[in-house]
Amino acid sequence: MQKHEDQMAYLIPYPIESFAKPVLIEAAHTVIGRSPEAGIHIQIAEKSISRKHACIHSTDGLYAIEDLGSQNGTFLNGERIRKAPLNSHDKIAIGNRTFLFLVQAEPAVDLPVEPSIDTSETIAISPEEMDLSDVWAQNADDAARGFLNPVADDHTDTPSPDPLALPRLALLYQLSENLRNTSRIKDVYDEGIALIMEAIPAAEKALVVKRSVPDETYNVVAFKLRDPQQLVGDAIPVSHTVFEWVLTERVTLVSQNISADQRFQNSDSIRIQDLRSIICVPITGKNNVIGLLYAQSNSLLNPFTKDDAVFASAVGNEMALNIDNIRLQKKLLRNERMAAIGLTVSNLAHNIKNLMAVHSGAAQLMDIHIKEKDYPQIVDKWRWIAQSFSGLGRLANDMLEYAKGDELYVKHVDVNKLIRANRQVFEDSFSRDGLQLKYALTSQNPLWPLDEVHFQRALLNLVLNAADAVRDKKKGRIRIRTTVRKDRQLIVSVADNGCGIPNKKKGKVLELFFTTKGSLGTGLGLPMVQKFIEKSGGQLKFQSKEGAGSVFKMIFPKKTG
């Protein structure tokens, strides 16, 4: 169970077929039922729901749901329960109704310093939570389809006509034509937000925000401001909870009617300026959410409408189709290039190894001559030659290791035991005064299907990288942690309080041959770790803050059977 101190929780109808508002859970014991009698906090007038059906308990930031002896039962994520803990994005079924349970997002705790939302070079976003009771939500696919085929909303017999629908449809077709032959994803982002600004007069800012998978931060990849002077000043405040909700559940969100907000009634001018209307739409590709389309208005008299959000969903959908097409074309070209590169790398590595064999014999003869005659200059030069040979050897071995397609020999491995068995190896590899190696291993005794040899190589690689990162720290700390998540995924993380990774280099750390170690690195260590993890069906992710430290996570898929 996740702890959520001082945070708000909500229930949202699921699936969200038409625009709906989250219901704030305010009481310590929120009772849900059909009866209108006292003591019922959330009334649902349906026969499938008992008079007093279920109760959501909140104690010290922990949430749980309890069935109150209902006839049809209470289900959590498809399983009937009597009482069970609640986590954000759980699905609760009560009678014939299903709800999404949502808690405001929490900051990551793995890093030594709490990470913040990232920035681009030209515009910044900053985290700021909002009351989700002010937000309307709808499934993004339904919203996009609704733009072309309007349906009745709010239980009315006919849909409310949008006077801007026809000109907006013409603009959407124009966008499709403009993007037909583009080969740059950046052009898709720029054209999309330009259309938002043209078609939605209330929009003062439009952004495309992407979530970086490795370090789980948000980055602005495109933006447009109605007034260029808005660029000067504070960062644009965005809700982390809104972003997480849109990404996870693929919904379109819009906040509206801010002039009727209770905060407007009794606030001073400074607080009134903080009121804003937002639209947030997922740009959903074939397999995942590519990014977020976000628009903001600070107009108290002209907030965004649901029609604006529906149109933004259609724009996001058009952007996603074009991005998928560009990626498919690039993937086909990349596969051809990678096949050629793989053959070249393999041949190059074998040639280097052959040269090393020749030079190895010469090095042995040189050692003999040095012992017989004392030539300081030869000794000095030989030291450089030996270091060069050593570097060539590491490069050749790493290139061969990366290029070859070894099969994984998977068996159930006691992960904690394996980590403890290598403790002496870790400590011997970077022993120095002041460096602390700590362990936080789960008590769940994870027996996991893994290739033992490749796992040890990957873990050692991450630990040695951490040791390099804390090399200049007087009190360097490295922590190895194992965690088994509730979705039955295994996470093995290596965290340090070292130099961290500069923002400009985060996107390159997993690229082939990129290294921050100069001549001491080959730039193949992390790509080899990533290759093993992905071959195992998992993911390599990282978070880092320059000057504070980094944490690398090996996430292995859930265990079956």
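The values are calculated or read from the model by the stated rules, or taken from the named source; none is laboratory data. This structure is a prediction, so every number in the text was calculated from the model and none was measured. Heads up, the Cβs are rebuilt from the backbone with ideal geometry, glycines too, and the neighbour counts pull from every protein chain shown. What goes into the accessible areas is simple: the full protein's heavy atoms, side chains included, and nothing from ligands, DNA or RNA. Shrake-Rupley method; radii C 1.70, N 1.55, O 1.52, S 1.80 Å.
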- [ ] Inspect all residues belonging to the range 215-231 and state whether any of them is under 30 Å from V494 (Cβ atoms), surrounded by 13 or more Cβ atoms within 10 Å (Cβ to Cβ) and modelled with pLDDT of 85 or more.
- [x] yes
TODO: Out of P13, P36, report the one residue that is of a type outside the set (V, I, T), modelled with pLDDT under 90 and under 29 Å from the mean Cα position of the chain (by Cα).
DONE: P13
Task: Extreme residue, modelled with the lowest pLDDT, among residues of the range 236-280 that are surrounded by 15 or more Cβ atoms within 10 Å (Cβ to Cβ) and in a loop (DSSP other than H, G, I, E, B) - done: D261
- [ ] Could you list, in sequence order, all residues of the range 460-480 that are in contact (Cβ under 8 Å) with a residue 40 or more places away in the chain, buried (at least 21 other Cβ atoms within 10 Å of the Cβ) and under 23 Å from E534 (Cα atoms)?
- [x] L462, N465, A466, I480
- [ ] Sort out which residues of the range 281-309 are open to solvent by 20 Å² or more (accessible area, probe 1.4 Å) and among the β-branched types (V, I, T), and write them in order of number.
- [x] T284, V289, T305
Open item on the list: If a residue must be within 15 Å of R51 (Cβ to Cβ), assigned to a strand (DSSP E or B) and out of contact with any Leu (no Cβ under 9 Å at 6 or more places or on another chain), how many such residues does the range 63-81 contain?
Closed with: 1
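For residues in the range 153-166 being at pLDDT 55 or above and surrounded by 11 or more Cβ atoms within 10 Å (Cβ to Cβ), which is farthest from P201 (Cα to Cα)?
We begin by selecting, within the range 153-166, every residue at pLDDT 55 or above; these are 160-166.
Subsequent filtering for residues that are surrounded by 11 or more Cβ atoms within 10 Å (Cβ to Cβ) retains 160, 162, 164-165.
On the way: S160: 19, D162: 14, L164: 11, A165: 14 Å.
Ranking the candidates gives S160 first.
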Open item on the list: Go through the range 24-47 and report how many residues are within 15 Å of I92 (Cβ to Cβ), in a loop (DSSP other than H, G, I, E, B) and either open to solvent by less than 20 Å² (accessible area, probe 1.4 Å) or of a type in the set (A, V, I, L, M, F, W, C) (or both).
Closed with: 1
